[in-house]
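Structure, as structure tokens:
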Amino acid sequence: MTTAVVHNNNESRYEIVIDGEHAGHIDFVVDGTSIELTHTEIDPAHQGAGLASILARGTLDHIREHSDARVIASCPYVAGWIAKHEDYAELTTR
């Protein structure tokens, strides 16, 4: 099984793709020097496999590597994920 997190700037979202199939996404909005992560969704057929966590980590890793923007985690899932993974808190606006 091949899993990848893809930055889809045209759709304003990060997508998780499994063996070439879209399995979920995190929507975002860019506002100046901030990236607001607004919503996480995993397709029902793929729920319960830990994909939301892989997607959150991949999204935040991409932002860390490719941007100086601060993250606003308005999505409850992403906010909770960051709270459990304190090494990502430095990306937030708090």
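The values are calculated or read from the model by the stated rules, or taken from the named source; none is laboratory data. What you are looking at is a predicted structure, and each value in this text was computed from that prediction instead of being measured. We place every Cβ from the backbone using ideal geometry, glycine too, and count neighbours over all the protein chains shown. Heads up: the accessible areas ignore ligands, DNA and RNA and are worked out on the full protein's heavy atoms, side chains in. Shrake-Rupley method; radii C 1.70, N 1.55, O 1.52, S 1.80 Å.
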Fill in the blank from the handout: Per the filter on the stretch 47-63, residues part of a helix (DSSP H, G or I), among the polar types (S, T, N, Q) and out of contact with any strand residue (DSSP E or B) (no Cβ under 6 Å at 6 or more places or on another chain) are S53
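Table: residues versus (1) modelled with pLDDT of 95 or more; (2) more than 18 Å from V5 (Cβ to Cβ); (3) not small (G, A, S).
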| site | (1), (2), (3) |
| --- | --- |
| L55 | yes, no, yes |
| T59 | yes, no, yes |
| E65 | yes, no, yes |
| V71 | yes, no, yes |
| S74 | yes, yes, no |
| R94 | no, yes, yes |
Exercise for the section: Could you give me the residue pairs with C-beta distances under 7 Å whose first residue belongs to the stretch 59-76 and is on the phi < 0 side of the Ramachandran plot, whose second residue is in a loop (DSSP other than H, G, I, E, B) and of a type in the set (A, V, I, L, M, F, W, C) wherever it lies, and which are 6+ apart or on separate chains? Expected result: I63/A69
Practice task
State whether the residues of the stretch 83-93 include one that is hydroxyl-bearing (S, T, Y) and open to solvent by less than 40 Å² (accessible area, probe 1.4 Å).
Solution key: yes
Fill in the blank from the handout: In the stretch 66-80, anything crowded, with 16+ Cβ neighbours inside 10 Å and touching a Leu at 6+ places or on another chain (Cβ under 8 Å) is listed as R70, V71, I72, A73, C75, V78
Completion exercise
Result of the Cβ filter at 6 Å on the stretch 9-25, keeping first residues that are under 16 Å from V78 (Cα atoms) and of a type in the set (F, W, Y) and partners that are open to solvent by less than 30 Å² (accessible area, probe 1.4 Å) and at pLDDT 95 or above, at least 6 apart or interchain, is Y14/I26; Y14/T59
Handout entry: Total residues in the stretch 33-65, condition open to solvent by less than 50 Å² (accessible area, probe 1.4 Å) and over 19 Å from S12 (Cβ atoms)
Key = 4
